[in-house]
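Just below is one structure, and these are the notes that go with it.
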Amino acid sequence: MVETPETLEETYSLPECCHVCLTQGELKIQKLTIPHFPETLLFAYHCPNCGYKNNELVNGEGISTFGKRFTLHVETPDDLDRQVIMMRSGGTGGSGCNTAEIRIPDLGLHIGSGGESKPSLIEFRFLEDIDEEILDSIENNQKDDLSYTLPSYFTTVQGLLQRILANLWNMYKSSQQNRAESASKEETARLKQVLIRLKKMTRGDLLPFTVILEDTLAGISIDGRNGENLDDPFSAATEPFTKSLDEQLVVEAFQRTPQEDSELGVSEMCTEGYQSAEPEETKA
């Protein structure tokens, strides 16, 4: 998605304390130019002591006028290779705000802003057969220390599904270990079925399905097949719209609700007279 090396600009380095071992490491900041995106900053941190690494994409411009929503109908394995960008609105080392939400209607699954997994159990679909082999495959391919959050990143649709799968697997293991304190047997069984269906989706064995990616601050992007940069009209939008970018991908610019503006701090912003006053030294 980043077209050429020339889109990477000068890098700045700053000392920063490691969040894990408290040893001083190095934070590198670099500006990126990404098609159809606002000014973007890449924050890359590495601790030489414990090896902790963290990469974040951060919106370097102001708040967008509209929210942004992509609806992708995944019909072939090629659609799993489409590139995806999700970024935070600001902050480093995980301190920024991730306002993106992900929905997979075929699973009744909703991951809210900030990365919190919020599966709607009522909408989970039951399977007639439980494929234990697939469940074992999930367990063997997931690590214990995977995060429950979905931070900013460059990835693909398949990579996005794999991250969600890892997070839900951690939830499933937690429910198994703490049955008395957490989910009921019915909820655990439903989550198990969602894991099996999602694993098949990730491998391209369960098609078609729909993925909806939405961000009130428009810090998201999905490309065409084979990394094709589509003509996304969002940056020039002056009013809400819905447009098909190709046969399976639709982009929307939507008006945020008053509640969303309040949560983002937009309602409290005062821009009246901003930059309208002439500096004293330039007055005649």
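Scanning region 12-26 for residues that are part of a loop (DSSP other than H, G, I, E, B) and more than 9 Å from Tyr45 (Cα to Cα) yields a total of 5.
So that you can scan it fast, the table gives a plain yes or no per residue for (1) more than 25 Å from His110 (Cα to Cα); (2) crowded, with 17+ Cβ neighbours inside 10 Å; (3) modelled with pLDDT of 90 or more; (4) aromatic (Phe, Trp, Tyr):
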position: Leu198; (1), (2), (3), (4): no, yes, yes, no
position: Asn229; (1), (2), (3), (4): yes, no, no, no
position: Phe234; (1), (2), (3), (4): no, yes, no, yes
position: Ala253; (1), (2), (3), (4): no, yes, yes, no
position: Pro258; (1), (2), (3), (4): no, no, no, no
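From the set of residues in region 1-27 that are among the acidic types (Asp, Glu) and either out of contact with any Pro (no Cβ under 7 Å at 6 or more places or on another chain) or farther than 22 Å from Met86 by Cβ (or both), which is modelled with the highest pLDDT? Here the residue is Glu16.
Only one of the numbered conditions (1) under 25 Å from Pro77 (Cα atoms); (2) at pLDDT below 90; (3) in contact with an Asp or Glu (Cβ under 8 Å, 6 or more places away or on another chain); (4) part of a helix (DSSP H, G or I) is not met by Ser175, and that is (1). All told, Ile134 falls short of being β-branched (Val, Ile, Thr) and modelled with pLDDT of 70 or more. Condition test on Val211, is it farther than 23 Å from Ile63 by Cβ, in contact with a helix residue (DSSP H, G or I) (Cβ under 7 Å, 6 or more places away or on another chain) and either surrounded by 18 or more Cβ atoms within 10 Å (Cβ to Cβ) or modelled with pLDDT of 75 or more (or both)? Criteria met by Val211.
Just give me the residues in region 230-252 being of a type in the set (A, V, I, L, M) and out of contact with any strand residue (DSSP E or B) (no Cβ under 9 Å at 6 or more places or on another chain), in sequence order. Ala236 - this is the single residue of region 230-252 that is of a type in the set (A, V, I, L, M) and out of contact with any strand residue (DSSP E or B) (no Cβ under 9 Å at 6 or more places or on another chain). Selection of first residues in region 93-112 that are surrounded by 17 or more Cβ atoms within 10 Å (Cβ to Cβ) and of second residues that are of a type in the set (Lys, Arg) and modelled with pLDDT under 65, restricted to Cβ pairs under 8 Å at least 6 apart or on distinct chains, gives the following pairs, ordered by first then second residue: Asp106/Arg125; Leu107/Arg125; His110/Lys118; Ile111/Lys118.
The values are calculated or read from the model by the stated rules, or taken from the named source; none is laboratory data. Note that the structure is predicted; figures quoted are calculated from it, not measured. Note: ideal-geometry Cβ built from the backbone for every residue, glycine included; neighbour counts use all protein chains shown.
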